[in-house]
Amino acid sequence: MSLLELRNISKLYGDLKALDDVSLSVERGEWIAIMGPSGSGKSTLMNIIGCMDKPTMGEALMDGVDIAKENRKKLTEIRRDKIGLVFQQFHMINYLTAVENVMVAQYYHSMPDEAEALEALERVGLRERAKHLPSQLSGGEQQRVCVARALINHPEIILADEPTGNLDEANEKIALDLFSQLHKEGTTLIVVTHDPEVADVAQRIIVLDHGRIARVARGASVAGA
Amino acid sequence: MNRRRMFLRMVTASLLRRRSRMLVALLSIAIGATILSGLITIYYDVPRQMGAQFRGYGANMILLPGDGGELTIEAAQDAMSVIEREQLIGASPYRYVRLDMVSRQQSFMAAGVDFEQVRRTSPYFNVEGRYPENDREVLVGKFIADTIGVRLNGVMELTYQPAAESPSEGLREGGFAPGEVLSGGAEGWNGGRVYVSVKIDGDGFIESVEVDASSQTPEIGGACETEDFTSRFIGKKLPVALGVDVDAITGATVTSAAVVEAVNNASASAAVAGSKTINYTVSGILDTGGDEEGYVFLSLDGMAALAGGSGSLDVMELSVSAAQDELERYASIINEGGAVAARLVKRVTRSETAVLSRLQALVFLVTAVVLLLTTICVSTTMMAVISESRKEIGLRKALGASDGGIRSEFIGEALLLGILGGASGALMGFAFAQLVSVNVFGSSITFQPMLLPVAVLVSMAVTCVSCLLPIKRAVAIDPALVLKGE
Ligand SMILES: Nc1ncnc2c1ncn2[C@@H]1O[C@H](COP(=O)(O)OP(=O)(O)OP(=O)(O)O)[C@@H](O)[C@H]1O
Ligand SMILES: [Mg+2]
């Protein structure tokens, strides 16, 4: 069974079809890139996969559970247990230090554990910045903290909406290296991006247009292999 | 780090972060708590303070003779023992006796009192001069002073006649006791009075005469004080006649005649068996605008010296700092005993109760309004905080925070605000109450330790109620908004 199985899902905002009859199946451990012009429904799709929104029509099976039919509480539980989120705007709680930001995810998931949180920061190369506030970190560093926060609870899927959108090349590289590592460890990755280079690292590239899947391609690394 | 510590860390950090907003909320809670605790302090203290103020309007309870028909000081003290020591402001004994001023042919009521206690139970007494300080001084009601014509520092010869008959002219039938001293006075030169003390033997012959002619012209009438003049009375039998028994001093005939008249008055006042006359100095004139002006006040001992008897009272006036229901309770306990009858002075206790209940209603009203305003202010601030941190709340939810988790974080912040605001407010409130008390009542108050927990609990309740609506908003925030590129 696929980890994620979307069957003919649509999301309507009034007359606007943000998603229009999208079907997609994602295997465990797969790395998928989602591309498409602005307003094509990428974030809408991520919201549904991330259990933060429900499709208007269709089925969205996560480990066999149809998230379209679950209530808010259950969705929160699924999100907490299975999903790690990385955002374009980093979204840190700006009065908490880097390590505390990571621990917030632990707090909502189960139990804050500073040692483990520091380990996660170590992984993204920010061990020594643990006590710094977001305002004392660069954009790239903040994004790395967010990655540490996303992986702290060992999620099955990491959803990243434009994770490199606000990063320079050097930081983009660090972020992609982190993703590669996670991929190697078997984490499923779904990454929204405008950047073909970022998309190319993925195994499968889904291109959305006007809420529909316009094209599916294989990533360059896979294609090249 | 366990969950609770992380929770506290997040809550406190969040409060610190929004310092300015939280200061506003904190300030409004603190002000609310200040007024609340200040008013509570005043509320509990005012009856005491007001009681003390009202005690200025006189006794609010009186003790009268009970079944026994007699009120002794011991019985009164026994009855008073049911009243808490610190509530008893004063206990003033009164013994009424009719006294005469023979030379003026006036008769009036005199009250034997304890001036120390009178000052406490009747602080409104307005005394021209001063209160009597020994047993030979009297305080004269203004009405009497005006009718009789006694003046401050003047002398008043008071006569007690046990049979209550009117003083008869002439000599007493039963004769005199050997060595008995009689007092008397008469008008001399220019309206001034002269006073005499006459010592007589058992047969009515004068042994010696002492004259107080200080109201007369010293060089003229003053000569009547000399032995040259007073010796002229020795060996004479009462009554004496001027020009027959005693010759006047040349040039001071008026004063001489007055001394002779005073000596005869002294004998006349002693005309009734057992009657007694003592000269008192008027140390003060009493001006109250009330019935008291028709009395002459002297010390209980001073009265006993004149009228005999002691320890038996007519009434005991009590000034008790207690509310009406408590007074009624005391009175009924005392009345049960039967030995003494207790009555409340209704006029005083009623007005006291009315003012207090009105004041307390006012305190309740103001407190309710202040709490309402505080609630509105905190609520508005929290509303602003939540709309400012929509993103952050969305993020928390995206990270897996349940509705309950969001709710408990905001309640946690509210409680913390309540504790801080309430505690600081309680202390400021005490200072505020102290200020009011010192300025309005002129006395300080003691800090009630209970105030702290009460103020903190009320503040916590207020902040929690204030947060209900804002929290509802927070819970409704959509986690999906964190993915929106805003
Ligand atoms: N809450 C909403 N209400 C109404 N319309 C919405 C809402 N959210 C998204 N849309 C619309 O749905 C469409 C898809 O939006 P979506 O955010 O998924 O685009 P996107 O592909 O993520 O674009 P971008 O690359 O700019 O982030 C857009 O036309 C958008 O205006
Ligand atoms: Mg988007």
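A few comments on the model shown:
- Condition broken by A:Met35, with the remaining ones in (1) touching a Pro at 6+ places or on another chain (Cβ under 6 Å); (2) away from every other protein chain (no Cβ under 14 Å); (3) surrounded by 23 or more Cβ atoms within 10 Å (Cβ to Cβ) satisfied: (1)
- Of the residues B:Gly394, B:Gly400, B:Gly404, the single one that is surrounded by fewer than 16 Cβ atoms within 10 Å (Cβ to Cβ), facing another protein chain (nearest Cβ under 10 Å) and within 27 Å of A:Leu85 (Cα to Cα) is B:Gly404.
- Scanning segment A:168-225 for residues that are within 16 Å of ligand 1 (Cβ to nearest atom), in contact with a Gly (Cβ under 6 Å, 6 or more places away or on another chain) and under 21 Å from A:Val145 (Cβ atoms) yields a total of 0.
- Residue check for B:Glu207: without any contact (Cβ under 8 Å) to a residue 12 or more places away in the chain and more than 30 Å from B:Tyr96 (Cα to Cα): no
- Of everything in segment B:12-31 that is assigned to a helix (DSSP H, G or I) and basic (Lys, Arg), the residue that is nearest to B:Met383 (Cα to Cα) is B:Arg21.
- Odd one out for B:Glu293, checked against (1) modelled with pLDDT of 85 or more; (2) part of a strand (DSSP E or B); (3) not aromatic (Phe, Trp, Tyr): (2)
- Test: residue in segment A:110-117 that is in contact with a Gly (Cβ under 9 Å, 6 or more places away or on another chain), within 11 Å of chain B (Cβ to nearest Cβ) and in contact (Cβ under 8 Å) with a residue 12 or more places away in the chain: no
- Residue within segment B:438-460 that is under 23 Å from B:Gly404 (Cβ atoms) and away from ligand 1 (no atom under 16 Å from the Cβ) present: yes
- Among the conditions (1) over 19 Å from the mean Cα position of the chain (by Cα); (2) within 16 Å of ligand 2 (Cβ to nearest atom); (3) of a type outside the set (Phe, Trp, Tyr); (4) surrounded by fewer than 16 Cβ atoms within 10 Å (Cβ to Cβ), A:Lys73 misses just one, which is (2).
The rows are residues; the columns are (1) crowded, with 22+ Cβ neighbours inside 10 Å; (2) farther than 18 Å from A:Lys82 by Cα; (3) touching a residue at least 24 places away in the same chain (Cβ under 8 Å); (4) among the hydrophobic types (A, V, I, L, M, F, W, C).
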| position | (1), (2), (3), (4) |
| --- | --- |
| A:Ile158 | yes, no, yes, yes |
| A:Ala170 | no, yes, yes, yes |
| A:Lys173 | no, yes, no, no |
| A:Ser180 | no, yes, no, no |
| A:His194 | no, yes, yes, no |
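- Residue-level check: of (1) closer than 30 Å to A:Asp20 by Cα; (2) more than 16 Å from ligand 1 (Cβ to nearest atom), A:Arg149 misses just (1).
- Hits in segment B:430-479 - residues which are surrounded by fewer than 20 Cβ atoms within 10 Å (Cβ to Cβ), within 14 Å of another protein chain (Cβ to nearest Cβ) and either assigned to a helix (DSSP H, G or I) or in contact (Cβ under 8 Å) with a residue 40 or more places away in the chain (or both): B:Val475, B:Asp478
- Criterion applied to A:Pro163, A:Pro112 was being of a type outside the set (Ser, Thr, Tyr) and within 16 Å of ligand 1 (Cβ to nearest atom), and the one residue passing it is A:Pro163.
- For segment A:41-72, filtering for residues that are more than 13 Å from ligand 1 (Cβ to nearest atom) and facing chain B (nearest Cβ under 10 Å) leaves 2.
- Matching residues, segment B:352-362, being in contact (Cβ under 8 Å) with a residue 40 or more places away in the chain and surrounded by fewer than 19 Cβ atoms within 10 Å (Cβ to Cβ): B:Val355, B:Leu356, B:Leu359, B:Gln360
- Contacts under 9 angstrom Cβ, first residue in segment A:85-97 being more than 19 Å from A:Asn171 (Cβ to Cβ) and facing chain B (nearest Cβ under 7 Å), partner of a type in the set (Val, Ile, Thr) and outside any loop (DSSP other than H, G, I, E, B), 6 or more apart: A:Ile93/A:Val104; A:Leu96/A:Val104
- Close pairs from segment A:1-18: first exposed (fewer than 12 other Cβ atoms within 10 Å of the Cβ), partner assigned to a loop (DSSP other than H, G, I, E, B), Cβ under 8 Å, at least 6 apart: A:Met1/A:Asp63; A:Met1/A:Gly64
- Strands (runs of 3 or more DSSP E) lying entirely in segment B:92-188 (those with 3 or more residues that are closer than 29 Å to B:Ser312 by Cβ and modelled with pLDDT under 80): B:180-187
- Residue in segment A:73-84 that is touching a Ser or Thr at 6+ places or on another chain (Cβ under 6 Å) and within 10 Å of another protein chain (Cβ to nearest Cβ) present: yes
- Residue ranges of strands (runs of 3 or more DSSP E) in segment A:1-40 with at least 1 members more than 15 Å from ligand 1 (Cβ to nearest atom), touching a helix residue (DSSP H, G or I) at 6+ places or on another chain (Cβ under 8 Å) and aromatic (Phe, Trp, Tyr): A:31-35
- Applying the criterion of being away from ligand 2 (no atom under 16 Å from the Cβ) and within 14 Å of chain B (Cβ to nearest Cβ) to the residues of segment A:157-200, the residue that is nearest to A:Ser38 (Cα to Cα) is A:Ile158.
- Here A:Asn101 does not fit the description of being outside any helix (DSSP H, G or I), within 13 Å of chain B (Cβ to nearest Cβ) and within 16 Å of B:Arg396 (Cα to Cα).
The values are calculated or read from the model by the stated rules, or taken from the named source; none is laboratory data. Since the model is a prediction, treat every value here as computed from it, not as a measurement. Neighbour counts are summed over all protein chains in view; Cβ atoms, including those assigned to glycine, are modelled from backbone coordinates with ideal geometry.
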